[in-house]
Ligand code: GCW
């Protein structure tokens, strides 16, 4: 693969061989049926098979793909194999497309032994990726905010890219894992991006044209202040009739250009973005203003619940950022229009490797909620560390909050921040592709086993025929989220990251800042008291039994202990270890496990789909992971040893005066990226 070529990800041409070498009939009409037909035709052109558009004699086809109103709806399909014919029936053309990709995933097995009909339908109707892509390069955040894979697929230096062939390839990949909605710009809407709603609408329409054939609807992040920023009005007050009219007209123009436009995404009154508070209005007033404008066209507003005071005084122990979303939004339950979807980050703080679930998810039965995950690895290694996140997401989505799983409570769908860019491997770290793939598959089926999804991704991407390679990749990736958790912030405390870029350790980096993310470590103990009894009362936002489970230090799960409690270093965990010994042990173990990844990868020879470029890229990233994991281990261990004065039970050095070991040879001594100076202040 040369630098200008793009990695095939989970759709290599050879994945189409089983279909492309057979006889297929595609029955149905509509643009997405045409996509199905074109995909099969391309595969046949490569592998010698045939595709027809009308049924000839029975038994003449190996694969029948047909729309059929009797197949049931729900956006899915029915798949069966009988008498040597595999059949996909779907009520909608979109369902047929997903059925086709299911056959691709099965590969040769789709054409083996007969199997009875099974119906697949998505759990979430909207399975959405938000791109934090800026149109104009932002002086601090760059082209893609929290992007670790190069530039934007959509925008370059202030304009839409001329060549959208990469977007076409992206659309195929997304459809193949079940994604059906994409937001094309950052939720932080700056001057250039605000104009996408008005005089730069043609750019959004051009993207919609490329994404549409793969069943993907385009959404747009808009500024709540758009009426003043780009509309020339004196106010953006939701109660102002001129403002209401302006939004209605703006929405009308959008739908004239993009009839299947999905809707708006809004970050309001959050981290400096304008919102209804500026006019003394509530978030229901704000969201409903936009909802009313979109409603005649069937559009939705994704209104983010990420609202908190980012000018907190660290001396003020009564304010708790974890409480903020609930305090702001739960009193508004029932006040939102039907086409408002409240988009809630999975945890109460901010995409940490370990957080409890946001209690908002269980507390707004009269509001449509979407849960937001972060595929881009802002806090989980920034695509320099292997961190397979589906393990975490699966745990979160299955979690029984208020008697129903989080996936069930997320009736408004699942959303995630995308991790792709114009990097030849899409995601910087080639193994980070698995996160994007698995997000789509879990949004479709939250009950899917993350280990099985990993194997599915490995087989599609690297081929089904090399058991050693498959085993090695599985071993490297399956437990990698827990490994990352081990060598970073302990026991759910979170945010011990370098301010600004959020990469690497800085234990006190946020301790005396305005961002509301503290750990309160002192000589006696560590953690945040969020109990009702003596702390911020955050535990009271949970339904039973969690409000009591988290309230008591004796029932709180170990992995969240420091999120909910401030405890002495000698506190004994359920595991039997003390808090301080747990910190030491996990940091030694985590860094060691990072080193093991390197040994495993070294055993993988270059060849086949492991190209020299891919091998080198993974090696380079692993080198940085090992360096960084050691840095985490040493800073965290030294910090807590210095605070507590408690030695390691096993006598390991906690505050070495000399380098512990030579840097790993394949590593980069100095990280290739100079990420300093990206403070968000
Ligand atoms: O995690 C934080 C990020 C910000 C981001 C914000 C958000 C887009 O550090 O970069 O802004 O979350 O979710 O809005």
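We did not get these values from a lab; they are worked out from the coordinates using the rules stated. Everything quoted here is computed from the prediction, not taken from an experiment. Reconstructed Cβ throughout: ideal geometry from the backbone, glycine too, with neighbour counts over all protein chains shown.
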### Query
In what order do 60, 78 fall by count of nearby beta-carbon atoms within 10 Å, going from fewest to most?
60, 78
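In nm², what is the average projected area of the convex hull enclosing the Cα atoms of segment 308-404?
Averaging across all directions leaves 7.8 nm² for the Cα convex hull.
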### Message
When only alpha-carbon atoms are used, what values of Rg and Dmax, in angstrom, describe segment 523-664?
### Response
19.8, 61
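For the chain, what is the calculated [θ] at 222 nm in deg cm²/dmol (nearest 500), taking -39500 (n - 2.57) for each run of four or more DSSP H residues and dividing by its residue count?
Numbers: 20 runs with 226 residues, N = 681.
Estimated from H runs of four or more residues: -10000 deg cm²/dmol.
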### Query
Label point 7 Å out from residue 82 along Cα-to-Cβ: which residues of segment 108-140 have amide N under 13 Å?
114-118
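Rounded to the nearest 0.05, what FRET efficiency do residue 114 and residue 620 give with R0 = 51 Å and r taken as the Cβ-Cβ distance? Could you check?
Efficiency for this residue pair is about 0.60.
Which ordering of 460, 562 is given by a fewest-first count of other beta-carbon atoms within 10 Å?
Values: 460 22, 562 27.
Placing the least packed residue first, the sequence is 460, 562.
At a Förster radius of 35 Å, what calculated FRET efficiency corresponds to the Cβ-Cβ distance of residue 310 and residue 257, to the nearest 0.05?
Values: r = 35 Å, r/R0 = 1.00.
Taking R0 as 35 Å, the efficiency between residue 310 and residue 257 is 0.50.
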### Task
Rank the residues 295, 372 as a footprinting-exposure proxy: fewest other Cβ atoms within 10 Å of their Cβ go first.
295, 372
### Summary
Counting only DSSP beta bridges with both partners in the chain, the antiparallel fraction in percent, to the nearest 5, comes to 35
### Task
Calculate the length of the line joining the C-alpha centroid of segment 201-229 to that of segment 547-567, in whole Å.
43
## Note on the structure
Residue span residue 5 to residue 29: 0.36 nm per residue of separation minus Cα-Cα distance leaves a gain in nm of 5.2 nm
### Query
Going by a ≥ b ≥ c, the root eigenvalues of the Cα gyration tensor, does segment 59-105 fall in the rounded group (a/c under 1.5), the prolate group (a/b larger than b/c) or the oblate group?
prolate
### Message
In Å and on Cα atoms, what radius of gyration and Dmax does the chain show?
### Response
25.5, 82
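At a Förster distance of 25 Å, what's the computed FRET efficiency of residue 335 paired with residue 241, Cβ-Cβ distance as r, to 0.05?
Working: r = 20 Å, r/R0 = 0.81.
The pair residue 335/residue 241 has a calculated efficiency of 0.80.
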### Task
Convert 37 °C to kelvin, take the viscosity as 0.692 mPa s, use the Kirkwood radius over C-alpha pairs of segment 256-304 as Rh, and evaluate the Stokes-Einstein diffusion coefficient in µm²/s, rounded to a whole number.
286
### Message
I'd like the Kirkwood hydrodynamic radius of segment 1-155, using the inverse of the mean 1/r over distinct C-alpha pairs, in Å.
### Response
17.4
